[in-house]
1. Could you calculate the FRET efficiency of residue 52 with residue 439 from 1/(1 + (r/R0)^6), where r is the beta carbon distance between them and R0 is 30 Å, rounded to 0.05?
2. Quick one: of the DSSP bridges fully inside the chain, what percent are antiparallel, nearest 5?
3. Hey, quick one: spin label on residue 400, modelled 7 Å out along Cα-Cβ, who in the range 721-751 has an amide N within reach, i.e. under 19 Å?
4. Percent relative contact order of the chain, based on C-alpha pairs within less than 8 angstrom and at least six residues apart?
5. Want the number for residue 282 to residue 321: 0.36 nm per residue separation, take away the alpha-carbon distance, what's left?
6. Fewest first, what order do 410, 688 take by the number of other Cβ atoms within 10 Å?
7. Take the alpha carbon gyration tensor of the range 659-751, find the square roots of its eigenvalues, order them as a ≥ b ≥ c, and report rounded if a/c is under 1.5; if not, report prolate when a/b exceeds b/c, else oblate.
8. Count the DSSP beta bridges whose two residues both fall in the range 317-457, then state the antiparallel fraction as a percent rounded to the nearest 5.
Ligand code: CA
C-alpha cells in the first residue's frame, strides 16, 4: 500500500516539475521496474533511492544526464541494508551521475563487469562518481571464468571510498579501459578505496588494478590513483599494472601484498609517497620500473622479501625494438629519495636474457637510502648498469655494492651507520627527513578508506581457531561431528581409538582433526575419506589412516578436492600422521586433486606413507601449459615414503608465463624407499618437478626408487638439491644444469 502511495506521489511530483529538496525520499524504488521508470524520468537533481532489502538478479541500468550543479544520484535507503545478489550488476552511462552505497554479494555478475562505466561500446560515462560501494566475494563458481569487478570507461570519472574484497576468479579487480578515443586522457581519479584481500590466483589475470592494455599503452591515460589501501592483494605478480602514459600513483598503502606496482607499459608515470609494508611475508614486492621517463620518488618500502620481478625496487631490461606487448627499454627514468628499509632485494636489469637485452639508459638513482643490517647481498645486477647513474645513495655498512659485470660501482653509494626511530609507524633515519614520504596527507589504512558501515572481512584460512569437539570412537562419528562443526573447529579423537567411516566426510569449511597420545586409527569404505569441497580446508594431526577396509575398486583416495572448479583456495596439512595400506586396488592416492582447484598450501610434516598403490601428491591436473598449476606452497618435512607405486611428489606447471610465484617446494629430511615402480606411474619418477619456481631440497635419502626429475622451464627458477643420497635408484635427471647441486651422491650396492 505504502509503495503504491509513494509511487503515486512520485509521479505527481514529476509531472508538476517540483524539484525541491523534499523530493529526496520520493525517489524510493522497491523493484527493478520502479527503478527503470525512475531512471527514464530522471532529471538533473533527482535522487533515486533503492529500498532496503535484497535485490536478486537486479541489472541496474542507470543511463541519464545530470549537470555539474545538479547531478542525478542513485543511492540506498539505508547503507548496508541494500544488497544486490545472485546475478546482479550495474551499468552507468551519461554524465554527472553519482552512485552510492550499493553492496554486491552472494552471486556474480551475469556480464563481464559488476560495475561498468558504460552502456555499450559507444555510450560511455563522463563526469560520474561511484562512491561507498562494496563488492564482497562476488565470484562465479569457475575460477578461470574471467570478469572484472569494475570497468571504467569515458572521462573524468571518480571511483572513491569503495570496498572491494575477495575477488577469486580470473580477471582484474578493476580495469581502466582506453579502448576508444572517448576514454583517452581520461583524468579519472581512483581514491580512498579499500582494495581488500585478493588470494593467489595461481595464474596470470589476478591483478588488482590495471590501467590500459598493451595495445593502447602509448596513449595518455592521466589517471590518478591516490590515498588507497591495498590489503593483501596477492592475486599475482602485478598488484597494479600500469599500461598507459601519464598515470600518477601517490600516497597509497600496500599492506602485505605479494606483488608489485608495475609500470608494465607506457611512459611518464609518477610513483611517489607510497607506503609498502611486507612484514617479512614471502613474495611481498615493491616497485618495478619498465619503459621511459618514469619517476619513482619518496616511497617507503619496509620488510619486502620478494626477489626478481618483485624486488623492493626493480629496474628491468627491455627488448630492442620491442613489440608493443613485450618490454620497452628503461630510458630517462629516475628513482630518488626512496627509503628502503629491511627489504631483501633491489635488482637491476632484471629479466635480462637473449630477448630482453636492452639495458637501462640515461637513468638515475639518487639519494635513496637502502638499509638492512641483516642482509649483505641486497643488490643483484643481471647486465650492464653503466646506463644508470648513481649518486648520493646511502647503504647500511654491511650491504655489498652492486657490481657492474664484476667491477664495483665505487661512487654513488656511501656506507653509513644511521639511527632509525619509528615515527608514525615508519622507520625514519635521523637527519634525513627529505628521504621517504614527504606528504602531509594521512597514510591510508583500513580505517580511512572504503566504507565504515560494512564489516571488514578476514578471508584468510586459519586452522584451530574455533571450538574443540570430542569425537567418540565408532562408525561415522567423525562425520556426525563434522556436520556439527563450524569453520575453524577442531575434532578431537580419542587416543588409540578405532574409527570407521562407512560414509565420506565432506569438508565445506576449515576443519581440523587431532588426537593426543597414542594415534587413533581411521578406516573407511568409500572411494574417499575426506572431500575438500569449495571453501574447505583440512588439517590432520596425530592420526593413522588405513585403507585396509576400503572397497576393492581402483582410484580410491584418502582426501580428494571437489571434482568441480573451486573458486576458493584450500589448505591441506598432515602432521604426525601415518597413511598405510592404501593398496586394496591400483591407483589408491593419498590426495587426489582435480583440474581448476588450487591449494594455497599443502604440508606433510613428520608423516609415514607405507604401502600405497597410487600417488601421494600428484599435482598435475593443469595440463594446458598456460602457467596454471594446482598448488602454490608444498612442504614435505621429516617424512618417510615406503613402497609407493606412483609418485611421492609431482608438481606440474607448464607454459612460459612469468606472472606467478609458484609452485614453491620445501622438501627436507625425508626418505624414499621403493617409490615409483608401478607400471601406471606415467611420470616414471619418484619425485617430478616441472616448472617449479622455487625448490629447496635438503637431507634426502632415495633408495630403490625411480628418478628424481627436474624440468626447469621459465622465470629463473631457484632450485637447490643438497645433502642427498641416491641408493640403487635412477638418480637425478634434469633438462638443465641451472640449479644448485651440493653434496649429491649416487651409490650402488647392487651388482
Ligand atoms: Ca599480469
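Derivation of every value follows stated rules applied to the coordinates shown; laboratory data play no part. Just so it is clear, the structure is predicted and the values come from calculations on it, not from any experiment. Virtual Cβ from ideal backbone geometry, glycine too; neighbours counted across all protein chains shown.
1. 0.15
2. The answer is about 5 percent antiparallel.
3. 739-742
4. 6
5. Result: 10.6 nm gained on full extension.
6. 410, 688
7. Here the range 659-751 falls in the prolate category.
8. Counting only bridges with both partners in the range 317-457, antiparallel ones make up about 25 percent.
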